[in-house]
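The values are calculated or read from the model by the stated rules, or taken from the named source; none is laboratory data. Please read these numbers as outputs of a predicted model, since none were measured by experiment. Cβ coordinates were reconstructed from backbone atoms using ideal geometry, including for glycine residues, and neighbour counts include every protein chain displayed.
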Amino acid sequence: MELHDLKNNPGARKKRKRVGRGPGSGHGKTSCRGQKGQKSRAGYSRHFGFEGGQMPLHRRLPKRGFHHENRWPMAVVNVDVLEKAFEAGAEVTAEAVVAAGLTRTTRGGLKVLGRGELTKALTIKVQAISPSAQKKIEAAGGSVEIVAVTRVDSDADTAENAG
């Protein structure tokens, strides 16, 4: 086999549809758009959820719930994961957990859960902890401190800078 013998598989490359070029093209007269109507005109685009003028489903259904803009889910990490990732005596914070690659983000804070065993004494500074995790950490000689979530509020920054 040589380079000049290479060919595409049948059907791998299709010719583009050249519309509006007369009856000989196979796409003549109406250019595959059917007869008259909105969909046959240039510039037509149907928005998502359009149901032909009927009241669309997303408008027929009632609105439910509430979205709190400043509430974010907590990142969770288990005791057995901390055992593998951190050395004895290390300080475990949300930033340290992200730096270790154990979770992607901690926008809502970090919670430690109690799966697994812990043999190292760790200093834990997180936003929340389960009772079983706290018992395991303190039994291993570590300490637990609950800290508040640190957020940067853009409104507060602009108010401080303006005054």
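Structural remarks
- Residues within the range 77-111 that are under 19 Å from Ala148 (Cα atoms) and more than 22 Å from the chain's Cα centre (by Cα), tallied: 3
- Check on His27, free of Cβ contacts under 8 Å to residues at least 12 places away in the same chain and either within 30 Å of Ala148 (Cα to Cα) or exposed (fewer than 12 other Cβ atoms within 10 Å of the Cβ) (or both): no
- Considering (1) surrounded by 10 or more Cβ atoms within 10 Å (Cβ to Cβ); (2) under 30 Å from Ala140 (Cβ atoms), the lone condition that Gly101 does not fulfil carries the number (1).
- All conditions in (1) on the phi > 0 side of the Ramachandran plot; (2) surrounded by fewer than 10 Cβ atoms within 10 Å (Cβ to Cβ) hold for Cys32, with the sole exception of (2).
- With respect to the conditions (1) among the charged types (D, E, K, R); (2) surrounded by 10 or more Cβ atoms within 10 Å (Cβ to Cβ); (3) at pLDDT below 90, Asp80 lacks only one, and its number is (3).
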